[in-house]
Each structure stands twice: as C-alpha cells, then as structure tokens.
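Everything on this sheet refers to the single structure shown next.
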Amino acid sequence: MAHLNQRRFQNINGDLYVDATCIDCDTCRWMAPQMFARIDEQSAVYHQPNNEAERLAALQALLSCPTSSIGTVEKPQDIKVAQSSFPIPIEENVYHCGYHSEKSFAAGSYFIQLPEGNILIDSPRFTPPLVKRLQTLGGIRYMYLTHRDDVADHQKFAEHFQCQRILHEEEISGSLSDIEIQLTGFEPLELAADLLIIPVPGHSRGHTVLLYKNKFLFTGDHLAWSVRLQHLYAFKDYCWYSWTEQIKSMAKLADYSFEWILPGHGRRYHGDAKTMRAELQKCIQWMEAA
Ligand SMILES: [Zn+2]
C-alpha cells in the first residue's frame, strides 16, 4: 500500500500519486502513459485522470505496480471494477496479466485462452483477485516460463491450478528443480498446434521464446522495444550468458513471421509481419555494433 506521507513532490496535485518506494520499473508508464511519467528517476503522476477510461487505466497501473507505490488520497470505491478488468485483452484470445511481481523486477506476464487448456506465460503476482479471474477464464493448463528470472510465484500457481510448468533444463536450479516439463536441446519444439517454443540462448543459456499462431511472440528478456532508442533491442548490460549467442538467436528469429512482441521487460511492439522483419534486421545490426 502506498503511503501519503511518502508522496513524491514531483506528482501533480490531486487524488492519484506515486510514493517514494517506486523502483522505476516503467510498468505504470507504459500501462497508463496519459497519467504517469518518469521524473527524477522515478515515476510520478503528471496528469490526473479526468474521465472513465483514464481512471480505469490509472487503477490498472495501481494494481500492477510491483511495489504498491501508487496510491489514491480517497479510498478507491471503483477498485473492484479495475480488478475485474484483468487479465487485460491485447488481441484475440491473448491477455496481459498485470499484477507485476517485484520478485521478477516487474516482468510482464501473459495469458492465452485456448479450448484445449489455457497457458500462463511467465509469472504475475499470485494475488486472489487475479487468481479468481484466471479461474473464471478456465484455469491454467501450462505455465510456460521463458527463463529463470521471471518465474516469481510459479510455485503457488502450480499448486493452485495444478498446471504443468515448462522451462528449459539449462535454467533449472534450486527451487525450480521440481518443474514438471524440462525442455532439452536447442531445436524448436511444437507444444501444440500453433504453439512453438524456440530456444534463443543469449540472455541466459536456456532462454526460450513462445510463438503463437505466427502472430504473437512472447519474448521474455530476449527482445523488446526501446522507447529511448525507438527500435527493437536486447539488454546488453543484462546479458548473463553470451551476447554473441544472443545475436545468433536473434538472427534465427528472422526465419519466423510474427506481428506482436510481448516481452517480460521493456516495451511491447506491434507491426505487420513485413515491418516486423525490417525492425528485426535493424535490431540485429544494432546488436552487432553495440
Ligand atoms: Zn532475465
């Protein structure tokens, strides 16, 4: 819960505010850019919501903040409306889970609703309002984990939903040792029709990405959009295994067609398949020069 006595002075006056516990994770700024901006290396409210859509976006950001650093002066009477809006539809049957976890430094997580069983991609915070909503949408059959960093509350999700967790064996250690499905090798693997797991060693050795319907690419910490650079990029400063391997993995992705990049960290990106191919080439060139 945010505390008024820790309210940042950088916030514009009004009901909504960010307090000093903000970890500068960027979540509120991409979820509700109309209200939140980065001021002095932390988030702050620069515009108070003044219609229903802005109010909902602000409360969605408040609920998704991994450190509960966003608050309202007045107790939000409409919080249940915001809670019931999760997971937030992206396109078709693909959703953003929200409720980011501090355990994975606020990595985004996603949900695909499928007749043969739903898939949770990386781990949101295990919190009753979200768990109830995911239950209503049919529960979880698979919890697909891109790599070891963004696993947050995987254990609790596995216990509650009795889902099968999927992670590459190269990522397994400690509390991950009881992962049900441990991937081996570095060849793409078809999990089901329209669902392809593609190994992309680089950020970590066993990092994989998930391609759904040749349209949605769930990229974990492998690939994202940079607001600062205004192009697709990878995290060179947070490359734990091999930058050279990561460039090779990026080049392999050019063989596939997709329109959405839905990352753990960094911003999402949407473009038609042709634009995406061009953007990916630009990214590879940037990586080679970086
Ligand atoms: Zn990572």
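The values are calculated or read from the model by the stated rules, or taken from the named source; none is laboratory data. These numbers were taken from a predicted model, which means no experiment stands behind them. Cβ sites come from the backbone with ideal geometry, for glycine too, and all protein chains shown count toward neighbours.
I'd like the full set of residues that are in a helix (DSSP H, G or I) and among the hydroxyl-bearing types (Ser, Thr, Tyr), limited to segment 226-250.
Of all residues in segment 226-250, those in a helix (DSSP H, G or I) come to 236-238, 243-250.
Answer for segment 226-250, where residues must be in a helix (DSSP H, G or I) and among the hydroxyl-bearing types (Ser, Thr, Tyr): Tyr238, Thr244, Ser249.
Please work out if Val200 is in the same structural domain as Gly264 (by TED's automatic domain parsing), more than 15 Å from the chain's Cα centre (by Cα), closer than 20 Å to Ile261 by Cβ and surrounded by fewer than 17 Cβ atoms within 10 Å (Cβ to Cβ). The answer is no for Val200. Just one of (1) under 24 Å from Thr27 (Cβ atoms); (2) in a loop (DSSP other than H, G, I, E, B) fails for Ile179. It is (1). Annotation: of all residues in segment 70-124 being of a type in the set (D, E, K, R) and either on the phi > 0 side of the Ramachandran plot or in contact with a Gly (Cβ under 9 Å, 6 or more places away or on another chain) (or both), the one that is surrounded by the most Cβ atoms within 10 Å (Cβ to Cβ) is Asp122.
Condition first: away from the ligand (no atom under 16 Å from the Cβ) and small (Gly, Ala, Ser). Now tell me which residues in segment 227-262 satisfy that. Before the answer, list the steps.
Filtering segment 227-262 down to residues away from the ligand (no atom under 16 Å from the Cβ) leaves 227-232, 244, 247-248, 251-260.
If the condition is that a residue be away from the ligand (no atom under 16 Å from the Cβ) and small (Gly, Ala, Ser), then Ala251, Ala254, Ser257 are the ones that fit.
Here is the figure for segment 140-184: residues that are within 16 Å of the ligand (Cβ to nearest atom) and either touching a residue at least 60 places away in the same chain (Cβ under 8 Å) or within 21 Å of Asn93 (Cβ to Cβ) (or both) total 6.
Scanning segment 130-145 for residues that are in contact with a Ser or Thr (Cβ under 8 Å, 6 or more places away or on another chain) and either surrounded by fewer than 21 Cβ atoms within 10 Å (Cβ to Cβ) or among the hydroxyl-bearing types (Ser, Thr, Tyr) (or both) gives a single hit, Arg133.
For Gln6, the criteria (1) surrounded by 14 or more Cβ atoms within 10 Å (Cβ to Cβ); (2) in contact with a helix residue (DSSP H, G or I) (Cβ under 9 Å, 6 or more places away or on another chain); (3) at pLDDT 95 or above hold in every case but one, which is (2). Across segment 203-225, the number of residues qualifying as among the small types (Gly, Ala, Ser) and part of a loop (DSSP other than H, G, I, E, B) comes to 2.
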